[in-house]
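Remarks on the structure that follows.
The values are calculated or read from the model by the stated rules, or taken from the named source; none is laboratory data. Keep in mind that what you see is a predicted model, and the values were worked out from it rather than measured. FYI the Cβ positions are ideal-geometry reconstructions off the backbone, even for glycines, and counts take in every protein chain you see. We work out accessible area using only protein heavy atoms, side chains counted, and drop any ligands, DNA or RNA first. Shrake-Rupley method; radii C 1.70, N 1.55, O 1.52, S 1.80 Å.
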Amino acid sequence: MHKVRGTILAQCREMCYNVSMNYGYFRAAAASLELKVCDTAFNSEKIITAAHEAASQGADLLVLPELSITGYTCGDLFFQETLLQNALSALAFIAKETSSLQTIIAVGLPVKKNGSLYNAAAILHKGEILALVPKTYIPNHGEFYEARHFASSKNLRGANSGDAIFISQKFPKVPFGTDILICAESFPGVKIAFEICEDLWTATPPSTNHALAGATIIANLSASNETIGKAEYRRLLVKSTSARNFCAYIYANSGRDESTQDMVFAGHNLISENGKILAESAPFENRMIFADIDVSLLEAERIKTTTFLQCESDSNEHKEIFVNLKEKKSDGNANFFREVEKHPFVPQEKNARDERCLEVITLQAQSLAKRLRHIGANNAVIGLSGGLDSTLALLVTCRAFDLCSLDRMGIIAVTMPGFGTTGRTYENACSLAKETGATLLEIPISDSVRQHFKDIGQDESVHDATYENAQARERTQILMDLANKEGAIVIGTGDLSELALGWCTYNGDHMSMYGVNSSIPKTLVRHIVEREAATFAQEKIGQAQNKKLSEVLFDILNTPVSPELLPPEQGGISQKTEEIVGPYELHDFFLYNILRFGFSPRKIYFLAKKAFAENEYPPATIKHWMKIFYKRFFSQQFKRSCMPDGAKVGSVSLSPRGDWRMPSDASADAWLSEIDSLE
């Protein structure tokens with residue numbers, strides 16, 4: 001029966017992956033080209049060369065600037081029949097010379113229709129002119145006077161409307177309009193819409209309507225001139241548009257060869273996805289940029305964000321034009337035009353990382369302060385092990401007490417040495433309590449645990465789950481009863497990564513009265529503590545105390561992660577967590593991509609191989625720990641179903657009252673079977 005089920009799953013995967021191209025990635029390019037104003041022959045040559053370059057790099061879509069066939073700065077020469085006819089001839093020539101390419105190409109040109117002149121984007125593929133999309137908003141302010149030459153797409157009403165335009169005998173009925181989507185037959189998530197320059201800068205950009213109609217990729221053919229500060233505003237517009245519409249936004253801008261009679265153009269090209277810049281060109285580079293857009297990520301974001309779907313009724317119907325894009329090999333992307341972050345919860349750049357750490361610990365402290373005020377508690381109890389998680393929990397509690405103007409002596413830091421406690425962690429726990437101004441209380445647990453072993457008939461020499469969990473539960477009992485005695489609240493120390501793996505003892509360290517670390521992954525915990533240590537080292541007020549506190553924190557950072565439930569070996573830690581459950585940086589990578597985007601094991605495996613060098617984690621190692629992660633993630637849900645309160649402060653949470661609802665008895669077979677099939 002198991003073999004039959006495995007065969008069925010394998011066949012389903014094969015059918016699914018035949019539909020999904022290249023793990024859901026769509027390669028886009030944007031370019032500013034060398035140009036001669038009004039020289040359509042010269043410009044066509046450059047466009048054709050660029051198209052072949054983009055195709056050689058595997059681009060599925062190339063977006064070129066506004067009016068790229070003629071140049072944007074032609075002025076009243078747009079009224080000249082010679083220029084208009086040459087533009088149409090050039091368009092047909094470009095279509096012919098790119099007919100062997102799989103790449104979709106978007107170029108700009110002026111076109112006449114029913115007595116009006118339109119600034120339009122022409123969409124080409126394999127020698128066909130798929131559509132012409134006219135500009136909607138025509139600027140006529142400041143240095144712009146487009147209304148002198150071009151009509152708005154809003155003019156397409158009554159007798160002047162219609163859904164097609166005559167280009168030539170070869171292209172007698174080309175779809176013409178703004179409500180057009182270019183769709184990929186073999187990649188259902190790819191739906192491309194187009195707008196032109198000013199359309200982005202308006203209060204009601206067409207891109208919103210396109211996205212609500214299903215467009216996951218918006219391409220903008222632009223001729224945005226450069227003035228002081230404009231590049232940053234342009235970047236903000238592109239990022240925010242892609243974030244608001246859960247889409248990718250490709251912005252191709254006119255370059256330095258446009259006329260500088262009254263303006264200057266810098267070729268500032270941008271590709272953004274869901275609020276993040278994937279690729280960007282520097283001013284005056286005149287180069288092509290590439291990015292691999294994750295369409296499956298965009299679809300996942302839209303599915304989860306129900307308010308986006310509620311807006312769909314506001315959109316108009318769009319005409320869908322299908323193209324057949326060449327399917328890529330599933331093991332392709334040797335040149336992957338996308339950075340895959342090893343530590344997705346942690347910003348790479350130091351200043352951004354420090355800002356993130358400060359923001360997180362502030363949110364943690366504020367949430368705990370609210371709880372303290374609400375219950376009227378002047379005391380808190382926290383188990384201090386000398387490890388990272390309890391250290392962060394204590395630092396958060398100190399901040400919360402300061403916010404509530406409470407004496408830190410009301411923080412009862414309890415160290416509970418047991419069978420596995422080493423001198424290093426014990427000394428660090430004691431020093432940490434002292435240097436933060438908390439009240440230190442030492443309660444050894446060995447004797448009470450031995451009595452418990454005697455009561456239940458446990459052999460102390462058998463170091464099994466009972467041996468380990470009895471210690472964790474004894475410590476939790478002490479903390480809970482002490483909190484009752486002191487009218488205090490028990491502060492939980494467990495982090496998000498431990499919750500994901502179930503690396504906690506049920507009704508032991510799994511339980512508290514408020515879990516301040518519950519949405520903080522292990523990889524971020526380390527950086528928060530590190531930032532606090534560096535900050536204390538630099539502070540001059542209370543310099544001696546802060547210096548000592550900083551030294552303690554740095555030593556804790558250099559201590560191996562361990563629950564310390566097994567006896568030490570030669571005085572050192574014998575039980576190292578990452579040797580048992582696996583590297584936390586891998587598990588946090590898996591966790592982020594599973595919870596944030598719902599990616600499959602196959603895709604996460606692909607991304608992990610891109611993020612980590614083979615000498616860090618060979619593919620077999622990644623696969624091994626991924627399987628461990630999924631097994632534990634599914635089997636340990638019962639612990640998360642009854643986890644204590646704790647505010648969500650990061651991008652994901654496992655709270656059953658917040659982000660994550662999952663049956664405790666769900667089967668992991670489909671995910672594990674997929675991992676087994678990975679190569």
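Think of the stretch 158-291 as a dipole: +1 on every Lys or Arg Cβ, -1 on every Asp or Glu Cβ, centred on the Cα centre; then among 259, 183, 209, 183 lies furthest on the positive end. For the stretch 190-310, the spread of Cα positions along the three principal axes, ordered from largest to smallest, is 48, 28, 22 Å. With no solvent and one point per C-alpha, what does the Debye sum give as log10 I(q)/I(0) for the chain at q = 0.06, 0.07, 0.09, 0.12 Å⁻¹? Computed log10 I(q)/I(0) values: -0.45, -0.59, -0.85, -1.17. Of the accessible area of the stretch 423-511, computed with a 1.4 Å probe over protein heavy atoms only, carbon and sulfur atoms account for 48 percent.
Measuring nothing but how far apart in sequence close Cα pairs (under 8 Å, 6+ apart) lie, relative to its length, the stretch 37-137 scores a relative contact order of 28 percent. Using a probe radius of 1.4 angstrom, the carbon and sulfur fraction of the accessible surface of the stretch 29-180 is 49%. Once the 1.4 Å probe is applied to the protein heavy atoms, the chain comes out at 42 Å² accessible per residue. Dividing the mean sequence gap of close Cα pairs (under 8 Å, 6+ apart) by how many residues the stretch 458-512 holds gives a relative contact order of 42 percent. Model label sites at residue 307 and residue 566, defined 7 Å from Cα along the beta-carbon direction, differ in position by 5.0 nm.
Ordering of 644-652, 27-35 by packing is 27-35, 644-652, highest average first (other Cβ atoms within 10 Å, averaged per residue).
Where does the stretch 521-679 land on Rg/Rh, using Cα atoms and the Kirkwood Rh?
Result for the stretch 521-679 is an Rg/Rh of 1.03.
The calculated FRET efficiency for the pair residue 163 and residue 201, based on their C-beta separation and a Förster distance of 25 Å, comes to about 0.40. Using just its DSSP H runs of length 4 or more, each adding -39500 (n - 2.57), the chain gives a mean residue ellipticity at 222 nm of -13000 deg cm²/dmol after division by all residues. Distance between the pseudo-spin-label points of residue 240 and residue 651 (7 Å out from Cα toward the beta carbon): 2.1 nm.
Average projected area of the Cα convex hull of the stretch 110-174, in nm²?
4.9 nm²
How many angstrom separate the Cα center of the stretch 551-630 from the Cα center of the stretch 456-504? Spelled out, the Cα-based centre of one part sits 23 Å from the other. Remark: spin-label model distance residue 349-residue 404 equals 3.8 nm, labels positioned 7 Å along the Cα→Cβ axis.
Taken one residue at a time, the phi angles of the stretch 361-373 give Karplus couplings (6.51, -1.76, 1.60, θ = phi - 60°) of 5, 5, 5, 4, 5, 5, 5, 5, 4, 4, 5, 4, 5 Hz. Gly and Pro are set to x. Take every DSSP beta bridge whose two residues both sit in the chain; close to 50 percent of them are antiparallel.
Among the trypsin sites (Lys or Arg not before Pro) within the stretch 232-319, those in coil by DSSP and having at most 14 neighbouring Cβ atoms inside 10 Å are 287.
Computed over the chain, relative contact order equals 11 percent, with contacts defined as Cα pairs under 8 Å that lie 6+ residues apart.
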